[in-house]
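The values are calculated or read from the model by the stated rules, or taken from the named source; none is laboratory data. The shown structure was predicted, so the numbers you read here are calculated from the model rather than taken from an experiment. Counting neighbours? That spans all protein chains shown, and the Cβs are built from the backbone with ideal geometry, glycine included. Quick note on the areas: whole protein, heavy atoms, side chains included, nothing else; ligands and nucleic acids left out. Shrake-Rupley method; radii C 1.70, N 1.55, O 1.52, S 1.80 Å.
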Amino acid sequence: MDTESIYMITGPIGIVSSAILLLFLSALLAPLLKNSQRFLINASFMSASAASFLGIAGGIWAVGGGYTNTLVLPLGLPDLPFHLRIDPLAGFFITVICLLSFCVSLYSIGYIKGYLGRRPVTRLVIFYNLFLAGMLMVVLADDALFFLISWEVMAAASYFLVMFEDERIENRRAAFLYMIVAHIGAIAILLSFGVMAGLATGFESFNGYTFDAMREAQLPLSWATAAFLLAFFGFAAKAGVIPLHVWLPEAHPVAPSNVSALMSGVMLKTAIYGIVRVTFDLIGTYPWWWGAIVLIFGLISAVMGVLYALMQNDLKRLLAYSSVENVGIILIGIGASMIFTSFQMPLLAALALIAGLYHAMNHAMFKGLLFMGAGSVLHATNERNMEQMGGLIHRMRWTAALFLIGCVSISALPPFNGFVSEWLMFQAFLLSPALPSPLLKLLVPLGAALLALTGALAAACFVKAFGVTFLGHWRGHHMPRVHEADWPMRTGMILAALTCLVLGVLPTFFIDWMDIIPEQLVGTKISASSGVYGWLWLAPVARERASYSGTIVFLGILLVVVAVYIVLHVKPGTIHRAPIWDCGFGKLNQRMQYNATAFSMPIRRIFGFLFNIREKVKLTPKGLSPAFPKRLNYYLRIRDRSWGWLYKPVVEFSFWVSRRVGRLQQGRIQAYLIYSFITIIVLLVFSR
Amino acid sequence: MKLYKFIIEFLQVAILLGIAPAFMGWVRMLKCWSQGRTSAGLFQPYRDIIKLFSKDVLLADNASWIFRFTPYLVFGTVVLAGGIIPMLSLELPIASTADVIVLVGLFAIARFFTALAGMDIGTAFGGMGSSREMTIASLAEPAMLMAIFTVSLASKSTSLSQMVHVVYSGQSVLRPSLAFALFAFVLIALAETGRIPVDNPATHLELTMIHEAMILEYSGRHLALIEWANMMKLVLFIMLGAAVFAPWGIAQTGDLTAILAAFLIMLLKLAAVGFVLVIIETGLAKMRIFRLTEFLGSAFLLATLGMLSFFILE
């Protein structure tokens, strides 16, 4: 073997491929172990975490070393073998996927045991492994065929995972909807590749379907636009961009929580990867308004996503809508980067791209953490409705603390990681006055204001999520016997929480590590750190312009808190515990607490015009006086407007068409013979 | 030299800690006078804080660690912010820890945890306060950012010391965009620090409280820390506004006379702003909560107008 082929096996691509093989292997072996379910869970999730660890190593290596490796497998079509390729962009997404899947696989060891004795989990184990393998293959794929096969493996595996508890009608409905939207998206992606491949080499050969050929091709603007719009539509459907998001809040909550964590945390990121790959790498040059499209859809998704999240009372549904928001934020970064690229401002483009990608990594970690936390709550209480919850912080100390870290991170509060990416994005936005177009000069800062609105609303949303779930008293009638998450679950969550903290406190290391991605895609790096103790200061443009040090914020707050605590506890003060002050009425009960609906009421009223809200209050008077009603019924329904505006007409239209077409089916043999006859005549006339 | 800078840094934080209650006393004193009441004097807030520190803590039965941790965290973030905003000198060693956006983030942490603490006990008041506070914050933050953007257009920086430098080096001229931004900033600062017409710091009437509702259950040293942090937050917002819109007086060098002059000018600024604050608070009534949308919306609009005028005129 020559050195090159050895390198192929031992280099980053070899490591990641072996991770994929390991995942396939455990999926294959799982049915053999189905008689000892407990062992199956331990073994297969351990091997999944081992595979993820390999993936992390390969990914970090590929980005850190700036390697580009390719591998051609002798599989696939005769003229089109499977092409695999790892470059820093792919390596970055592999790292993101594997970081989360490592934590989630450890978590699953504990979480899936909750199904023991209730239902066999073999199917879940098989599709979990296939799902991970599918995601990694999507990122590695270097030709359209392999990409779409991997895309389908990922989609189909996640479909079966959503369907896991298939006795419930909501699961079947959600999975069906998910399948439809995923396939409409896949068709669009296929067509987009078709356009690019056809213009690369013509439609006669398969050579055009490799990504290399697409990179080489010079597409005329009209066809490039068509390819971009198709790809954006397809990937946006997968990423849950509003208005293509309706499947997401249905499918993510009903899947088992470890799967929800992966679907929200990293599966959406494969779509982000697709958008970046197609625009920055495959097409390469584009007009500014493509970026504007991405930016505008990003803004709509961010603001609407968080507003819908605020309105939810189902904890996992809230998290799912919040994923829509975060995908929006990532797209804001990518869209801004595209705008800057098209105006030849590589530094700004690099900054915005880093911000978007960094947020992709952050969102994977904190959303994974939050879904794992929600899974622990579900595991412990069998409850997803926040209106029933409360006071769990006393019974689930670990879960509460870790969920809180997730909430702080996602609300973009320093010194955690969500803040870093939003701060970078603001810095990119602040530089927008350098843009030549006056319209953009004004619109981009307005976009930043919307981003600030999103951040603040997210904080409100997660005060609600944490406060209603974990604080106060239990709101339901009977408090179930709640137990804390076991150690494997805790370990998974602790690792994710630590990653959130490290990504927030030491961002310069990670940004220096991933700086090669913008260098390859937009042509320059941002070199985030500067001066002495450079790692301490995040200064993406210049130290005078703006700087941030997560480390000092973290240590500074910690120092003051500890110092004040010590000063105040030199003299041992006493703490008295007493019942809640009830203003002398004496009949305070847990139903009088603020609940989830009440918490979001002011925001619901202010932004109510964006929703389809039906609110009814019914008073049952007691005797004659209406002032002292016997009973009060409150009815509230909040719906997504996009369902009625966008989906219902399409559904109705397709039913209408199928009814019309259905008339052809007469059930009489004579009619069918006439159809055949007419067809033959038509063919004879037209195809000579 | 390095050590000297740190001494200045500590001096600034110490002055902030010391002066914040006096400023609160000043505002209350002026308010009493303007309403024809006898005031409790400039030093009453000190007596309040000392009294609270010496009292025992009374906790509700189901208060969790969040409730006990929040006062320390709120105090910590405000003190850290006090080390970053240039009040006396530009030569602060940790000034580049944070630009204005990070400062907004620091105040947001304090708010986030205060809101959680409000929900911890499980009374209706606490939840109501948290819900309202987060609503107001979510409207105020975009407006705040827009105002910051407008100002940073001129100085091409969001770092506070850089903004001050730009003014000192004479590169800045009087701009109409700054006037708009200042007006917007005043409205937002009133909302963020919980003053009339957004919130009434003196009320304990259940339907009008916002901030007070969240901290209603606190007592003893916990309450002392929160009250003290609030007083500092008011001073810090004024100092933030001063650094952005009227930085004259802040020492550029580290020598002692300049610092002393900076301190005296700072006192003058605080006294003047206190006067204006009292005029606003006496002249206006507290707004209904759903009128605040218009109030904060107009702040946003003003900041946007400021930005427009910058682009049109430059």
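Across the stretch B:215-234, which residue is nearest to the other protein chains (Cβ to nearest Cβ) among those that are in contact with a Gly (Cβ under 8 Å, 6 or more places away or on another chain) and open to solvent by less than 30 Å² (accessible area, probe 1.4 Å)? Steps first, please.
The first filter runs over the stretch B:215-234 and keeps only residues in contact with a Gly (Cβ under 8 Å, 6 or more places away or on another chain), leaving B:215-217, B:220-221, B:230, B:232.
Checking which are open to solvent by less than 30 Å² (accessible area, probe 1.4 Å) leaves us with B:215, B:220-221, B:232.
Details: B:Ile215: 13, B:Gly220: 7, B:Arg221: 5, B:Met232: 12 Å.
Out of the qualifying residues, it is B:Arg221.
Which of the following residues is assigned to a helix (DSSP H, G or I), modelled with pLDDT under 95 and open to solvent by less than 50 Å² (accessible area, probe 1.4 Å): A:Ile526, A:Ile511?
Values: A:Ile526 fails: assigned to a helix (DSSP H, G or I).
Selected residue: A:Ile511, the only one of A:Ile526, A:Ile511 that is assigned to a helix (DSSP H, G or I), modelled with pLDDT under 95 and open to solvent by less than 50 Å² (accessible area, probe 1.4 Å).
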Next on the checklist: Take the conditions within 7 Å of chain A (Cβ to nearest Cβ), open to solvent by 20 Å² or more (accessible area, probe 1.4 Å) and either out of contact with any strand residue (DSSP E or B) (no Cβ under 6 Å at 6 or more places or on another chain) or at pLDDT below 90 (or both) and apply them to B:Ala124. Does it pass?
Outcome noted: yes
Next on the checklist: Just checking, does the stretch A:111-123 include any residue being within 20 Å of A:Ile15 (Cα to Cα), hydrophobic (A, V, I, L, M, F, W, C) and out of contact with any Asp or Glu (no Cβ under 8 Å at 6 or more places or on another chain)?
Outcome noted: no
Checklist entry - Restricting attention to the stretch B:138-151, which residues are without any contact (Cβ under 8 Å) to a residue 60 or more places away in the chain and either more than 10 Å from chain A (Cβ to nearest Cβ) or surrounded by fewer than 24 Cβ atoms within 10 Å (Cβ to Cβ) (or both)? => result none
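Counting residues that are in contact with a Phe, Trp or Tyr (Cβ under 6 Å, 6 or more places away or on another chain), which helices (runs of 4 or more DSSP H) fully inside the stretch B:78-185 reach at least 2? Break it down stepwise before answering.
Numbers: elements: B:100-120, B:124-155, B:160-168.
Output list reads B:100-120, B:124-155.
Going by the conditions given, is A:Val468 among the β-branched types (Val, Ile, Thr), under 30 Å from A:Ser600 (Cβ atoms) and open to solvent by less than 40 Å² (accessible area, probe 1.4 Å)?
Yes.
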Checklist entry - Does any residue of the stretch B:209-216 turn out to be farther than 24 Å from A:Ile606 by Cβ and of a type in the set (Asp, Glu)? => result no
Item to check | Residues within the stretch B:164-189 that are touching an Asp or Glu at 6+ places or on another chain (Cβ under 9 Å) and either under 12 Å from A:Leu430 (Cβ atoms) or open to solvent by 10 Å² or more (accessible area, probe 1.4 Å) (or both), tallied | outcome: 2
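Wholly within the stretch A:220-333, which helices (runs of 4 or more DSSP H) include no fewer than the required count, namely at least 1 residues that are open to solvent by 10 Å² or more (accessible area, probe 1.4 Å)? Before you say what the answer is, go through the steps one by one.
Values: elements: A:221-239, A:248-254, A:257-262, A:268-276, A:288-311.
By residue number, A:221-239, A:248-254, A:288-311.
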Next on the checklist: If A:His83 meets every condition in (1) part of a helix (DSSP H, G or I); (2) under 26 Å from A:Val522 (Cβ atoms) apart from one, which number is that one?
Outcome noted: (1)
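In the list B:Leu92, B:Leu88, B:Leu42, which residue meets the criterion of being in contact with an Asp or Glu (Cβ under 6 Å, 6 or more places away or on another chain), within 30 Å of B:Ile8 (Cα to Cα) and either within 8 Å of chain A (Cβ to nearest Cβ) or in contact (Cβ under 8 Å) with a residue 12 or more places away in the chain (or both)? Spell out how you get there, then give the answer.
Values: B:Leu88 fails: in contact with an Asp or Glu (Cβ under 6 Å, 6 or more places away or on another chain); B:Leu42 fails: in contact with an Asp or Glu (Cβ under 6 Å, 6 or more places away or on another chain).
So the residue among B:Leu92, B:Leu88, B:Leu42 that is in contact with an Asp or Glu (Cβ under 6 Å, 6 or more places away or on another chain), within 30 Å of B:Ile8 (Cα to Cα) and either within 8 Å of chain A (Cβ to nearest Cβ) or in contact (Cβ under 8 Å) with a residue 12 or more places away in the chain (or both) is B:Leu92.
Pick from the stretch B:19-61 the residues that are small (Gly, Ala, Ser) and assigned to a helix (DSSP H, G or I): which of them is nearest to the chain's Cα centre (by Cα)? Full working, then the answer.
First pass over the stretch B:19-61, keeping only residues small (Gly, Ala, Ser): B:20, B:22, B:25, B:34, B:36, B:39-41, B:54, B:60.
Within this subset, residues satisfying the condition of being assigned to a helix (DSSP H, G or I) are B:20, B:22, B:25, B:34, B:54.
Working: B:Ala20: 11, B:Ala22: 15, B:Gly25: 16, B:Ser34: 23, B:Ser54: 26 Å.
Of everything passing the filter in the stretch B:19-61, B:Ala20 is nearest to the chain's Cα centre (by Cα).
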Item to check | Among (1) within 8 Å of another protein chain (Cβ to nearest Cβ); (2) over 16 Å from the mean Cα position of the chain (by Cα); (3) farther than 27 Å from A:Gln593 by Cβ; (4) open to solvent by less than 20 Å² (accessible area, probe 1.4 Å), the one test that B:Gly83 misses | outcome: (2)
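Pick from the stretch B:152-164 the residues that are facing chain A (nearest Cβ under 8 Å) and more than 10 Å from B:Val100 (Cβ to Cβ): which of them is nearest to the chain's Cα centre (by Cα)? Give the derivation first.
We begin by selecting, within the stretch B:152-164, every residue facing chain A (nearest Cβ under 8 Å); these are B:152-153, B:156-159, B:162.
Okay, now just the ones that are also more than 10 Å from B:Val100 (Cβ to Cβ), so B:153, B:156, B:162.
Values: B:Leu153: 23, B:Lys156: 24, B:Gln162: 21 Å.
Here the residue is B:Gln162.
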Checklist entry - Can you name the number of the only condition in (1) open to solvent by 10 Å² or more (accessible area, probe 1.4 Å); (2) under 19 Å from A:Cys407 (Cα atoms); (3) more than 10 Å from chain A (Cβ to nearest Cβ) that B:Asp48 fails? => result (2)
Checklist entry - For the stretch A:151-174, what are the residues that are free of Cβ contacts under 8 Å to residues at least 40 places away in the same chain, crowded, with 20+ Cβ neighbours inside 10 Å and touching a Leu at 6+ places or on another chain (Cβ under 8 Å)? => result A:Ala157
Next on the checklist: Could you check the stretch A:471-505 and list, in sequence order, the residues that are out of contact with any Phe, Trp or Tyr (no Cβ under 7 Å at 6 or more places or on another chain) and within 14 Å of chain B (Cβ to nearest Cβ)?
Outcome noted: A:Leu471, A:Gly472, A:His473, A:Trp474, A:Arg475, A:Gly476, A:Met479
Item to check | Residues (open to solvent by less than 10 Å² (accessible area, probe 1.4 Å) and more than 7 Å from chain A (Cβ to nearest Cβ)) located in the stretch B:52-65 | outcome: B:Ala63
Checklist entry - Within the stretch A:243-261, is even one residue outside the structural domain of A:Leu378 (by TED's automatic domain parsing) and under 25 Å from A:Arg85 (Cβ atoms)? => result no
Checklist entry - For A:Pro518, all conditions in the list (1) away from chain B (no Cβ under 14 Å); (2) open to solvent by 60 Å² or more (accessible area, probe 1.4 Å); (3) not small (Gly, Ala, Ser) hold save one; what is the number of the exception? => result (2)
Next on the checklist: For the condition assigned to a helix (DSSP H, G or I) and surrounded by 15 or more Cβ atoms within 10 Å (Cβ to Cβ), what is the one hit in A:Ile580, A:Ile603, A:Ile638?
Outcome noted: A:Ile603
Checklist entry - So A:Lys441 fits all but one of (1) surrounded by fewer than 24 Cβ atoms within 10 Å (Cβ to Cβ); (2) closer than 23 Å to A:Leu538 by Cα; (3) within 8 Å of another protein chain (Cβ to nearest Cβ); what number is the exception? => result (2)
Next on the checklist: As an exercise: evaluate A:Arg395 against (1) open to solvent by 10 Å² or more (accessible area, probe 1.4 Å); (2) within 10 Å of chain B (Cβ to nearest Cβ); (3) not hydroxyl-bearing (Ser, Thr, Tyr) and give the number of the one condition it does not meet.
Outcome noted: (2)
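Under 27 Å from A:Pro602 (Cα atoms), in contact with a helix residue (DSSP H, G or I) (Cβ under 7 Å, 6 or more places away or on another chain) and open to solvent by less than 50 Å² (accessible area, probe 1.4 Å): does that describe B:Leu296? Before you say what the answer is, go through the steps one by one.
Working: under 27 Å from A:Pro602 (Cα atoms): yes; in contact with a helix residue (DSSP H, G or I) (Cβ under 7 Å, 6 or more places away or on another chain): yes; open to solvent by less than 50 Å² (accessible area, probe 1.4 Å): yes.
Spelling it out, B:Leu296 is indeed under 27 Å from A:Pro602 (Cα atoms), in contact with a helix residue (DSSP H, G or I) (Cβ under 7 Å, 6 or more places away or on another chain) and open to solvent by less than 50 Å² (accessible area, probe 1.4 Å).
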Checklist outcome for this item: Across the stretch A:175-197, the tally of residues that are touching a Gly at 6+ places or on another chain (Cβ under 8 Å) and open to solvent by less than 60 Å² (accessible area, probe 1.4 Å) stands at 7
